[in-house]
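Each remark here refers to the structure printed beneath this line.
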Amino acid sequence: PGLPHQIKVRGNPNLGLAKIAMIGVRNRRGGQVFPLNTEVWANELRLTGLDERGGNAAIARMDMQLADLGNIALSGNYSTIGFGQIDEKVAQRSREDIMGYDASTSLELGKFLPDKWGVRLPFYAQKSNTTRIPEYDPYDLDIVLKDKINSTTGQERDSIQTITQEVASLSTYTLTNVRKERTSSSAADKPKPWDIENFAVSYAYSKAERRDPLIEVDQSERRTGGLDYSFTRQAKFIQPLKN
């Protein structure tokens, strides 16, 4: 029988942040410390009941060639909690559900115009998205996220689902080297410095968005444009010994 002791914990204890386990031994009686020889032995301290369930993963991809118009590529991926390689340890396996898709296309829009116009409109577009859903609540690391969501309803439930996800998306649209090619090869239509065929225009737009449990929104937009001019005079050769 010793003096009563009080242990106070400040804040919200979280087992998800535990890194060290400690054992303390105190020898105190009547306010005086007695010298004693003692031995404390912790034998085979280990973790048991590890979550060794496996996960699933899938990847799909489809490429389509649209004759001379262009091509379209579609891909998607999905993996669940617990997925990993055979030689990985339990702590190295995925602790989140991952879903993603990517769609891109490269088209020659000039094919929709008459060939006699000689207009070339190379167009490229891409749209991708990756969503990560953690197993544990990122704000309470010792609480399973599904359990926390199931314990709420309505608007609060939707809010928890939104703020706990990590989402990254990318959108890109590009017009590269838009130009008008020469459709006449007659001697009367010799290239001139002011011909529209000497000019080419390019434009690109990209938008990247990201959010996670710490960042509400991170959005960046980028627009670039370019104007190219190219003109080459017909060469005149001096041949003094031709005749």
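The values are calculated or read from the model by the stated rules, or taken from the named source; none is laboratory data. What you are looking at is a predicted structure, and each value in this text was computed from that prediction instead of being measured. Don't worry about glycine lacking a Cβ; one is built from the backbone with ideal geometry, like all the others, and counts go over all protein chains shown. What goes into the accessible areas is simple: the full protein's heavy atoms, side chains included, and nothing from ligands, DNA or RNA. Shrake-Rupley method; radii C 1.70, N 1.55, O 1.52, S 1.80 Å.
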Listed by first then second residue, the pairs whose first member lies in the range 163-178 and is closer than 30 Å to K148 by Cβ and touching a residue at least 24 places away in the same chain (Cβ under 8 Å), whose partner is open to solvent by 40 Å² or more (accessible area, probe 1.4 Å) and of a type outside the set (F, W, Y), with beta carbons under 6 Å and at least 6 positions apart or on separate chains, are T164/P138; Q165/I133; E166/R132; V167/R211; A168/T130; A168/R210; S169/E209
Within the range 84-118, residues open to solvent by 90 Å² or more (accessible area, probe 1.4 Å) and of a type outside the set (G, A, S) come out as Q85, I86, D87, K89, Q92, Y101, K111, F112, D115, K116, W117
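Here is a yes/no grid of residues against (1) at negative phi; (2) surrounded by 10 or more Cβ atoms within 10 Å (Cβ to Cβ); (3) modelled with pLDDT of 80 or more:
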| residue | (1), (2), (3) |
| --- | --- |
| H5 | yes, no, no |
| G30 | no, no, no |
| F34 | yes, no, no |
| T38 | yes, no, no |
| N43 | yes, no, yes |
| R46 | yes, no, no |
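Among the listed residues I215, I160, identify the single one that is within 22 Å of the chain's Cα centre (by Cα), without any contact (Cβ under 8 Å) to a residue 12 or more places away in the chain and under 30 Å from K19 (Cβ atoms).
On the way: I160 fails: without any contact (Cβ under 8 Å) to a residue 12 or more places away in the chain.
After applying the criteria, what remains is I215.
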Picked from the range 194-229 (must be open to solvent by 70 Å² or more (accessible area, probe 1.4 Å) and assigned to a loop (DSSP other than H, G, I, E, B)), the residue farthest from L121 (Cα to Cα) is L214
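Confirm whether R53 is farther than 30 Å from S106 by Cα, free of Cβ contacts under 8 Å to residues at least 60 places away in the same chain and out of contact with any Pro (no Cβ under 7 Å at 6 or more places or on another chain). Before the answer, list the steps.
On the way: farther than 30 Å from S106 by Cα: yes; free of Cβ contacts under 8 Å to residues at least 60 places away in the same chain: yes; out of contact with any Pro (no Cβ under 7 Å at 6 or more places or on another chain): yes.
Against the criterion (farther than 30 Å from S106 by Cα, free of Cβ contacts under 8 Å to residues at least 60 places away in the same chain and out of contact with any Pro (no Cβ under 7 Å at 6 or more places or on another chain)), R53 qualifies.
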